[in-house]
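Beneath this line is the structure, given in structure tokens, with notes to follow.
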Amino acid sequence: MRYDPNSRAFYDRKRAEAKRHTQAVIALARRRVNVLWALIRNDRFYKVAPPKPTG
């Protein structure tokens, strides 16, 4: 969460949904595992992109 703005935005969104810290971190970890699996499956590298604005 410290170094990836997308992770921070996802965590903050989960906290805004009234999730506890632990629940938000677990949801973020699950999302990261899904992203890592997709990168491995597609033989791609991870690039940090600015978070999409919500609105």
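Against the condition at negative phi and either at pLDDT 90 or above or under 10 Å from the mean Cα position of the chain (by Cα) (or both), how does ARG2 come out, does it pass?
Here the answer is no, as ARG2 does not meet what is asked.
When you check TYR11 against the structure, is it hydroxyl-bearing (Ser, Thr, Tyr) and assigned to a loop (DSSP other than H, G, I, E, B), yes or no? Let's see the steps before the verdict.
Details: hydroxyl-bearing (Ser, Thr, Tyr): yes; assigned to a loop (DSSP other than H, G, I, E, B): no.
When the stated conditions are applied, TYR11 does not pass them.
Filter the range 31-49 for residues that are surrounded by 10 or more Cβ atoms within 10 Å (Cβ to Cβ) and not small (Gly, Ala, Ser) and give the result.
Within the range 31-49, the subset surrounded by 10 or more Cβ atoms within 10 Å (Cβ to Cβ) is 31-39, 46, 48.
Once the filter is applied, which keeps residues that are surrounded by 10 or more Cβ atoms within 10 Å (Cβ to Cβ) and not small (Gly, Ala, Ser), the range 31-49 yields ARG31, ARG32, VAL33, ASN34, VAL35, LEU36, TRP37, LEU39, TYR46, VAL48.
Answer yes or no: is there a residue in the range 34-55 that is modelled with pLDDT of 90 or more and touching a His at 6+ places or on another chain (Cβ under 9 Å).
No, there is no match, as no residue in the range 34-55 is modelled with pLDDT of 90 or more and touching a His at 6+ places or on another chain (Cβ under 9 Å).
Charged (D, E, K, R), within 18 Å of TYR3 (Cα to Cα) and without any contact (Cβ under 8 Å) to a residue 60 or more places away in the chain, is that true of ARG41?
The answer is no for ARG41.
The values are calculated or read from the model by the stated rules, or taken from the named source; none is laboratory data. Because the structure is predicted, anything quoted here is derived from the model rather than measured. So basically every Cβ, Gly included, is an ideal-geometry build from the backbone, and we count neighbours across all protein chains shown.
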